[in-house]
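*Asks:* A single structure is presented below for examination.
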Amino acid sequence: WSVPIHRRANTFLEIFGNTQVQEKTEAYIAELGSALVRFVCDEKGSLRRLVDLSQLKHRDVDGIEKILKSWQTSVPFEMGELRDRRLRALYGQRYDGRAGLADWDYQDCVKKSASVVHARQYRHWRETGIAFEFGDQTYPLPNRSMASYAQGKENGRSRIRRGFWGDVVMSPYFALGVDCEQPNRFARELFQVLNKGTATEQHRHTAVHVAVYNIVAWLHEIETGRPYRMKREHDVYSGLDQRTSEQVNAGPAAQEKGATDHHAFAMECANSILELKDLATVVLLSGDTFESAILAKPRFHNKFDLVWLSNHQAHHLKEPALAKLLCDGDAVVPRPLVLAEAARNLVPLKPEQREQFAERLPELAATTGLQRLAEPAPAVGSPNFLSFTAKKI
């Protein structure tokens, strides 16, 4: 609790979106790796109240342990070299012209889909792998949390190799930085456009501001149970509870009262987090595919109020077993849903391919009895996701 929410939010985004991190962040990742190893192997730590590992096979637990141990600073990981190999494989003979290709992708897809992503930030991420920068910090060290293992063949033999297999085209901005809850006008102003309709039109804020707002809002609501609301325009941190400088500097009595208030607030936050155990549990499942992990197992039938399919898994809409996963509905959740991500933000696709992808999803769903729900049409391009239900409308 000694670390303010805004610093935790910045650290989260640094680890989530940057292939290179600060020295203190590298040490923090190593510390988290050790804590997670204790949780996975010995079920020790606070996560045991929120995360259920009972469905995992022993080999899966061993694989997770191996990855987490590789987060230690003593384990070599040449992120710069590994990412450059990915870029060279992606661009091929066009490698030297990669800056122009990144700009083309921005103009052809990113800007049309989410103009709040600034061109300079997107191009910088494509070149360096760094999406979120704060202040005058430098990011010279590898982000080992992005290391993973992939199976392939070498000299005709199957081999598992550790490397960097992450995104080098889409960007982390689409996950956290292009939309947010907007409970008041201050949040809506994060998407304010200056000089609208002119040649110098631009957003006042960027996807980084929106991403910071999202993480701050989520942490705040998790810890307090109250929705986050900005209190000043253009200040994403303005809704946080903070002691005033007058309290801090007013003398020993005020400082003692401030410390007592801070402790009480910290205990309130801790209790709110522990209450999550009564509301939700994260259950990790074993399986190489969605079919083997869930669809093929009857014990998961009639268990889900919501099924989310990424665009890489949206073809499962045609599987009859998918509708069987949904609950029958009740007073709390009268209409269980399947949400399927469309291809709106898939940079490698052409605009017509994104439209065709969105048109194809209802056709697949109809073959298994799922019915599409009406959503507001997007202002530009194809929808971001489509909603389906097995319940008659």
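*Asks:* Could you list, in sequence order, all residues of region 146-164 that are touching a residue at least 40 places away in the same chain (Cβ under 8 Å), farther than 30 Å from F191 by Cβ, of a type outside the set (K, R) and open to solvent by 30 Å² or more (accessible area, probe 1.4 Å)?
*Replies:* Matches in region 146-164: S148, Y149.
*Asks:* Could you say which residue among A280, A293, A253, A264 is part of a helix (DSSP H, G or I), loosely packed, with under 11 Cβ neighbours inside 10 Å and modelled with pLDDT of 75 or more?
*Replies:* A264
*Asks:* Please give the number of the condition T73 fails out of (1) open to solvent by 40 Å² or more (accessible area, probe 1.4 Å); (2) hydroxyl-bearing (S, T, Y); (3) within 21 Å of the chain's Cα centre (by Cα).
*Replies:* Status for T73: all satisfied but (3).
*Asks:* Can you tell me how many residues within region 324-366 are in a helix (DSSP H, G or I) and open to solvent by less than 40 Å² (accessible area, probe 1.4 Å)?
*Replies:* Of the residues in that region, 6 qualify.
*Asks:* Can you say whether S115 is under 20 Å from the mean Cα position of the chain (by Cα) and more than 30 Å from E26 (Cβ to Cβ), as far as the supplied structure shows?
*Replies:* When the stated conditions are applied, S115 passes them.
*Asks:* Can you tell me which residue is nearest to the chain's Cα centre (by Cα) among those in region 297-323 that are touching a residue at least 24 places away in the same chain (Cβ under 8 Å), over 18 Å from L284 (Cα atoms) and open to solvent by 30 Å² or more (accessible area, probe 1.4 Å)?
*Replies:* It comes out as H315.
*Asks:* Just to be sure, is R120 at pLDDT 95 or above and closer than 18 Å to Q22 by Cα?
*Replies:* No.
*Asks:* Tell me, yes or no, whether region 126-145 has at least one residue that is closer than 30 Å to T200 by Cβ, of a type in the set (S, T, Y) and without any contact (Cβ under 8 Å) to a residue 60 or more places away in the chain.
*Replies:* Scanning region 126-145, I find no residue that is closer than 30 Å to T200 by Cβ, of a type in the set (S, T, Y) and without any contact (Cβ under 8 Å) to a residue 60 or more places away in the chain, so the answer is no.
*Asks:* Restrict the check to region 219-234 and report whether at least one residue is open to solvent by less than 80 Å² (accessible area, probe 1.4 Å), part of a loop (DSSP other than H, G, I, E, B), among the hydroxyl-bearing types (S, T, Y) and modelled with pLDDT under 90.
*Replies:* no
*Asks:* So V21 passes all but one of these: (1) under 30 Å from S238 (Cα atoms); (2) open to solvent by 50 Å² or more (accessible area, probe 1.4 Å); (3) in contact with an Asp or Glu (Cβ under 7 Å, 6 or more places away or on another chain). Which condition number does it fail?
*Replies:* Of the numbered conditions (1) under 30 Å from S238 (Cα atoms); (2) open to solvent by 50 Å² or more (accessible area, probe 1.4 Å); (3) in contact with an Asp or Glu (Cβ under 7 Å, 6 or more places away or on another chain), the odd one out for V21 is (2).
*Asks:* Separate question: Counting just the residues of region 38-54 that are at pLDDT 90 or above and of a type outside the set (K, R), which one comes out farthest from D288 (Cα to Cα)?
*Replies:* Across region 38-54, the extreme among qualifying residues is D42.
*Asks:* So V169 ticks every box in (1) under 30 Å from D288 (Cα atoms); (2) assigned to a helix (DSSP H, G or I); (3) touching a Pro at 6+ places or on another chain (Cβ under 7 Å) but one. Which box is left unticked?
*Replies:* With respect to (1) under 30 Å from D288 (Cα atoms); (2) assigned to a helix (DSSP H, G or I); (3) touching a Pro at 6+ places or on another chain (Cβ under 7 Å), V169 is out only on (2).
*Asks:* Then there's this: For A199, work out the one condition from (1) open to solvent by less than 40 Å² (accessible area, probe 1.4 Å); (2) among the hydrophobic types (A, V, I, L, M, F, W, C); (3) part of a loop (DSSP other than H, G, I, E, B) it doesn't fulfil.
*Replies:* That leaves (1) as the condition not met.
*Asks:* Scan R88, R8 and give me the residue that is touching a Phe, Trp or Tyr at 6+ places or on another chain (Cβ under 8 Å), basic (K, R) and either in a helix (DSSP H, G or I) or open to solvent by 30 Å² or more (accessible area, probe 1.4 Å) (or both).
*Replies:* Exactly one residue qualifies, and that residue is R88.
*Asks:* So, one more: Could you please find all residues in region 368-384 being of a type outside the set (A, V, I, L, M), open to solvent by 80 Å² or more (accessible area, probe 1.4 Å) and either under 17 Å from K112 (Cα atoms) or at pLDDT 90 or above (or both)?
*Replies:* Listed by number, the list holds a single entry, R372.
*Asks:* Only one of these is within 25 Å of the chain's Cα centre (by Cα), in contact (Cβ under 8 Å) with a residue 24 or more places away in the chain, at negative phi and open to solvent by 30 Å² or more (accessible area, probe 1.4 Å): E14, E26, E78. Name it.
*Replies:* E78
*Asks:* Scan region 115-127 and tell me whether some residue there is open to solvent by less than 70 Å² (accessible area, probe 1.4 Å) and closer than 30 Å to E65 by Cβ.
*Replies:* No, every residue in region 115-127 fails to be open to solvent by less than 70 Å² (accessible area, probe 1.4 Å) and closer than 30 Å to E65 by Cβ.
The values are calculated or read from the model by the stated rules, or taken from the named source; none is laboratory data. None of the values given here were measured: they were computed from a predicted structure. Methodologically, a virtual Cβ is constructed for each residue, glycine included, from the backbone with ideal geometry; neighbour enumeration extends over all protein chains shown. With ligands, DNA and RNA removed, areas are computed over all heavy atoms of the protein, side chains included. Shrake-Rupley method; radii C 1.70, N 1.55, O 1.52, S 1.80 Å.
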